[in-house]
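Taking it in order: structure first as structure tokens, then the write-up.
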Amino acid sequence: MINLERQKKAHGLFKRYAGNPILTTSNWPYAVNAVFNPASVRIDDETLLLIRCEDMRGFSHLTVARSSDGLTNWKIDHSPTFEADHDSREERWGVEDPRIIWLEEQKQYAITYTSFSEGGPVVSLAITKNFKTFARLGALLPPEDKDACLFPRRFKGRFALIHRPIVRGEAHMWISFSPDLKHWGDHRALVMTRSAYWDCHRVGLGCQPIETEQGWLVFYHGVRMTTAGAIYRVGLVLLDLYEPWKVLRRSDEWILGPQEMYERVGDVGGVVFPTGATVDKKTKELHLYYGAADCTVAVASAKLDDIMDYVMTCPEGD
Ligand code: BMA
């Protein structure tokens, strides 16, 4: 049965910023084809976005933009901040779609990103203190794999990574564990596609997992293939705080989908692809940063309390 009350909540949860898109190629200090799918983190009194930029060969690199309110007056690095290492076969065709978390133990930021090898996309890891110099820890898992992020701390002694391997053409979210950030195992299926739903063809992690009292709030993208192409929308799951391989809640509805022109029209129209979030410590407002139609960067916001109110009304389990 349709839960009209919950559908209404899902529909009205996020408000798009009126100044969207917040970053486009026209803001860029050098020539690029598209800027999209940004990772985000709040450092001191600034929001830092690490943005995927596609060059005029169709390869991607990552560039930093900073703003104090996370909405306006972006200061963009004048040249690529993090470029593919072309000597590495794993990064031959560029680096894409980063996610950032603060690794408490290392006192460094961890950036998981997709490196495009000749053998397909793989999940790679780099760490940094300052977003100027980076140490590469290499590819974590073999292709085809994307949409990965670490959790900020260990669980029972092990690091955890959400990622999205593609096997037999199927694209589900998995969680894997490691004692040292290098050797990964104990792979577990986490969030699967759901037949007939808006997320029936592919699912993949959105932004970095967000810690709340009720559990890890995880945004994910879900894809439905239609006769007119794919539609990328955004849903929510809540994972257990101490055993994050357990899904406590999953939204029946999507909470954000392509609606505005900048989301419907672009290099890949019909795509809303979140890769970063920040939560304001005082107001508890969450900014969700996303790539729109694989062309620009946009933001939508909601109060964390309202998101949690909604997610706690969602069905239990996966
Ligand atoms: C996914 C990723 C994203 C992209 C999205 C929509 O598979 O490759 O980088 O934004 O498709 O085209």
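Coordinate-derived values only; no laboratory data. As the structure is a prediction and not an experimental result, all values here were calculated from the model. When we count neighbours, we look across all protein chains shown, and the Cβ atoms used for this are built from the backbone with ideal geometry, even at glycine.
The table below gives the values:
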| quantity | calculated |
| --- | --- |
| Alpha carbon convex hull of the chain, volume per residue in cubic angstrom | 134 |
| Met56/Glu260 FRET efficiency (R0 35 Å; Cβ-Cβ; nearest 0.05) | 0.85 |
| In order through the stretch 184-189: 3J(HN,Hα) via Karplus (6.51 cos²θ - 1.76 cosθ + 1.60), integer Hz, x for Gly, Pro | 10, x, 6, 6, 10, 5 |
| Around Phe59: net Lys/Arg minus Asp/Glu count, Cβ-Cβ under 13 Å | -4 |
| The stretch 176-267: trypsin sites (Lys or Arg not before Pro) in DSSP coil with no more than 12 other Cβ atoms inside 10 Å | Lys182 |
| Sequence-distant residues sharing a close amide H with Glu144 (under 5 Å, placed H) | Ile166 |
| Theoretical FRET efficiency, 1/(1+(r/R0)^6), r = Cβ-Cβ of Glu104 and Lys156, R0 22 Å, to 0.05 | 0.90 |
| Where trypsin sites (Lys or Arg not before Pro) fall in DSSP loop in the stretch 3-75, at most 15 other Cβ within 10 Å | Arg57 |
| HN-Hα J in Hz across the stretch 26-31 - Karplus 6.51, -1.76, 1.60, θ = phi - 60°, x for Gly and Pro | 5, 7, 7, x, 9, 6 |
| Beta bridges per DSSP with both ends in the stretch 191-318, % antiparallel, nearest 5 | 95 |
| Backbone HN-Hα couplings from phi across the stretch 120-137 [Karplus 6.51/-1.76/1.60, Hz, Gly and Pro as x] | x, x, 10, 8, 10, 10, 9, 10, 8, 9, 9, 6, 10, 10, 9, 10, 8, 9 |
| Percent of beta bridges antiparallel (DSSP, the chain, rounded to nearest 5) | 95 |
| Relative packing of 170-176, 127-133, which averages over residues the other C-beta atoms within 10 Å, highest first | 170-176, 127-133 |
| Estimated 222 nm signal from helices in the chain, with DSSP H stretches of n ≥ 4 weighted -39500 (n - 2.57), rounded to 500 | -1500 deg cm²/dmol |
| Long-range HN-HN contacts of Val32 with modeled amide H, under 5 Å | none |
